[in-house]
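These notes concern the structure reproduced below.
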Amino acid sequence: MVLGIILGVVLAGIDGGKDFVIDWVKPWGTIFVNLLKLIAIPLIVASLLKGILDLKDISKFAKIGGRSILMYVGTTIVAITIGLIIVNLVKPGEGISEETIVTMTENYAGDEGVTSKLTTAEEQGASGPLSFIENMVPSNVFEALGDNGNMLQVIFFVIFFGLAMLLVPPEKTTTIKHFFDGLNDVVLKMVDIIMLSAPFAVLALMATVIVSSESWEILEALLYYGLTVIAGLIIMIIFYLVIMWLFTKKNPFWFLKNLAPAQLLAFTTSSSAATLPVTIERVEEHIGVDKEVSSFVLPVGATINMDGTSLYQAVAAVFIAQALMVDLTFMDQLTIIFTALMASIGSAAVPGAGMVMLVIVLQAVGKFTPEQIAIGLTLIFAVDRPLDMLRTTVNVTGDATVSMVVAKSLGKLGDPHPHEVDEYLDNLSHEDDAEERNDE
């Protein structure tokens, strides 16, 4: 990661350096992320179905699901509240000059990234109150399996399929169970293989982020806003560590050390979905959460648990109001809490989803004109990418924390059992030698 930052800084200052990174370095990072996305859906299907079938009891599944969702909702409310408290104390928007607002608006008013977020938010805002539940039920499972953005639909189908299998005599489902058990092991081994290239891919991703970043003058103008978001995210990480320690008595530094690969990957990709295979591997093998818990809690968390993103929305909404001199009452800020909570559920676990959620939050407050919302988005657009990287890291940390707490409450938190990528190679070579001797 450090080498990627250095490479990006050096090449950004050389003529043609940016084009070189985009043409020759960026593709390796993209390939790495695509490989992780490639196995995300198969891993969710195999891992979640195996977890359900291992329970052998629907009431246990209800306990895991109920506790997970309650914890996710609770931590999201805490995150939004932290964001609102810190932004009201620091007041970063009051330091933004009229000149900066005009400059930002001119630079990004027609930017495709901003306009696409506004369009997507308008489409979501036009949907009905039960659209979330409606969209969760797929009409075609194969279509849902073909799109990582339909993760909730896949989870719904797998849970439905798994619970139906529990109601069928075991002897009739043995073949299906063995198939998905094997598929789960194979996909986790694919994670190990893909992660061998992680250092090179992270270098490529970081170099791309650096050369694609905005000018330092713009970043400096939004420095206090960015630092306010970062301070809130750090407080949220501390909150997770305290909760984890109180409930599991595990060393917070041990937890961070074992989760670090998933956190660093979340930071570089800005995608909870792309990071999910690594998160599952780290939580199960290196932290000791039983598959019965992790197979449900982590995929659901990657979809509905957006604590870092929700905290960012609270800060961004009030920051925009301060910069545009829009007065927000206590009730307006309660509206932000409720709307950010609702928007986080079902939000796509992909880069940039937070901006769409922010538009929905601003619309719900009811004090911003469409023009002001557009200006507000252009105002923070320049620093959205680095903040997106940080808040995705918080999202993944929250998923792992909840999985540990739920596992501990159910007696499903055991000792770690990490697997090496080449642990069966010796066996294969011995088998080959034995076959050669038999042939002779």
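Every read-out reported here was derived from the displayed coordinates using simple, explicitly stated rules and does not represent laboratory data. As the structure is a prediction and not an experimental result, all values here were calculated from the model. Glycine also receives a Cβ, built like all others from the backbone with ideal geometry; neighbour counts cover every protein chain displayed.
For the range 204-273, which trypsin sites (Lys or Arg not before Pro) pass both filters: DSSP loop (anything but H, G, I, E, B) and at most 14 other C-beta atoms within 10 Å?
Working: sites: Lys249, Lys250, Lys257; in loops: Lys249, Lys250.
The qualifying sites are Lys249.
Send over the per residue convex hull volume for the range 2-417, Cα only, as a whole number of Å³. Display every interim value, and only then the final one.
On the way: hull volume 59.3 nm³, N = 416.
It is 143 Å³ per residue.
I'd like the distance separating the alpha-carbon centroids of the range 262-282 and the range 1-80, in whole Å.
Here the answer is 3 Å between Cα centres.
Sort the following peptides by mean Cβ neighbour count (other Cβ atoms within 10 Å, averaged over residues), highest first: 183-190, 58-65, 230-237.
Values: 183-190: 17.5, 58-65: 14.8, 230-237: 19.2.
Those peptides, ordered most packed to least, come out 230-237, 183-190, 58-65.
Among Leu196, Leu241, which comes first, second and so on when ranked by fewest other beta-carbon atoms within 10 Å?
Listed from fewest to most nearby Cβ atoms, that is Leu196, Leu241.
Find the Rg to Rh ratio for the range 127-266, where Rh is the Kirkwood radius over alpha-carbon pairs and Rg uses the same atoms.
Numbers: Rg = 21.8 Å, Rh = 20.4 Å.
My calculation puts Rg/Rh at 1.07.
Restricting to Cα atoms and excluding each atom paired with itself, what does the Kirkwood estimate give for the range 279-424 in Å?
Details: mean 1/r = 0.0595 Å⁻¹.
Evaluated on the range 279-424, it is 16.8 Å.
Could you work out the local net charge near Tyr224, counting Lys and Arg as +1, Asp and Glu as -1, over the other residues with Cβ closer than 11 Å to its Cβ?
On the way: positive: Lys91; negative: Glu94, Glu220.
Once all neighbours under 11 Å are counted, the net charge is -1.
Got a sec? How would Thr174, Thr81 order by Cβ neighbour count within 10 Å, fewest to most?
Details: Thr174 10, Thr81 15.
With the fewest neighbours first, Thr174, Thr81 line up as Thr174, Thr81.
Note down the nm distance, to one decimal, between modelled labels 7 Å out along Cα→Cβ at Trp24 and at Ile193.
So the label points at Trp24 and Ile193 sit 2.9 nm apart.
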